[in-house]
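Inspection log for the structure reproduced underneath, given as structure tokens.
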Amino acid sequence: MTLERAELRVSDYSQIGPLTDYLQLMAPGAGVRRSAGSPGPGEQGALDVLMLLADSSVLLAAVRVLPEFLRSRKTGLSITMTVKGEPLTLTATNIDAVMPILDRLLQ
């Protein structure tokens, strides 16, 4: 079994705790942990990110619960997910376009 990893960043940092709780509840087979973020060029620090670790089918199931989380929050919240070095930004309005890309990355 090969484990896949995904990194999640939220546009509103106050939502990282609720997102952690939501993923642990809705995708119990995925390992969810908070990790220190890496600063970008010219940045002196970075906020924590969520790391998901699971086989690709469990990771895909965890990703598929994100639309409901996004829809239950204020408009404008986005989650940037990096899978296999590819960053994708999910919002409540673009999830239908992004999901096929995530499906391909995780297969």
Inset, instruction - Please determine, by comparing only the residues of the stretch 44-67 that are in contact with a helix residue (DSSP H, G or I) (Cβ under 8 Å, 6 or more places away or on another chain) and in a loop (DSSP other than H, G, I, E, B), which one is nearest to Asp103 (Cα to Cα). - result: Val65
Legend entry - Extreme residue, nearest to Val49 (Cα to Cα), among residues of the stretch 73-99 that are outside any strand (DSSP E or B) and of a type in the set (A, V, I, L, M, F, W, C): Leu77
Inset, instruction - Out of the residues in the stretch 85-107 that are out of contact with any Pro (no Cβ under 6 Å at 6 or more places or on another chain) and in contact (Cβ under 8 Å) with a residue 24 or more places away in the chain, state the one that is farthest from Val10 (Cα to Cα). - result: Gln107
Inset, instruction - Within the stretch 22-33, track down each residue that is part of a strand (DSSP E or B) and surrounded by 15 or more Cβ atoms within 10 Å (Cβ to Cβ). - result: Gly31, Val32
Inset, instruction - Might you check whether a residue that is closer than 14 Å to Tyr22 by Cβ and surrounded by 19 or more Cβ atoms within 10 Å (Cβ to Cβ) occurs anywhere in the stretch 57-64? - result: yes
Inset, instruction - Would you check if there is a residue in the stretch 42-50 being touching an Asp or Glu at 6+ places or on another chain (Cβ under 8 Å), among the aliphatic types (A, V, I, L, M), at negative phi and modelled with pLDDT under 85? - result: no
Inset, instruction - Select from the stretch 86-99 the residues that are over 13 Å from the mean Cα position of the chain (by Cα) and not polar (S, T, N, Q) and write down the one among them that is surrounded by the most Cβ atoms within 10 Å (Cβ to Cβ). - result: Ala92
Inset, instruction - Kindly indicate which of Leu102, Leu19, Leu70 is touching a Leu at 6+ places or on another chain (Cβ under 8 Å), at pLDDT below 80, surrounded by 14 or more Cβ atoms within 10 Å (Cβ to Cβ) and assigned to a helix (DSSP H, G or I). - result: Leu102
Inset, instruction - Kindly establish whether Pro41 is over 13 Å from the mean Cα position of the chain (by Cα), loosely packed, with under 15 Cβ neighbours inside 10 Å and within 25 Å of Ile101 (Cα to Cα). - result: no
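The values are calculated or read from the model by the stated rules, or taken from the named source; none is laboratory data. Keep in mind it's a predicted model, so treat the numbers as computed, not measured. All Cβ positions, glycine included, derive from the backbone under ideal geometry; neighbour counts span all protein chains shown.
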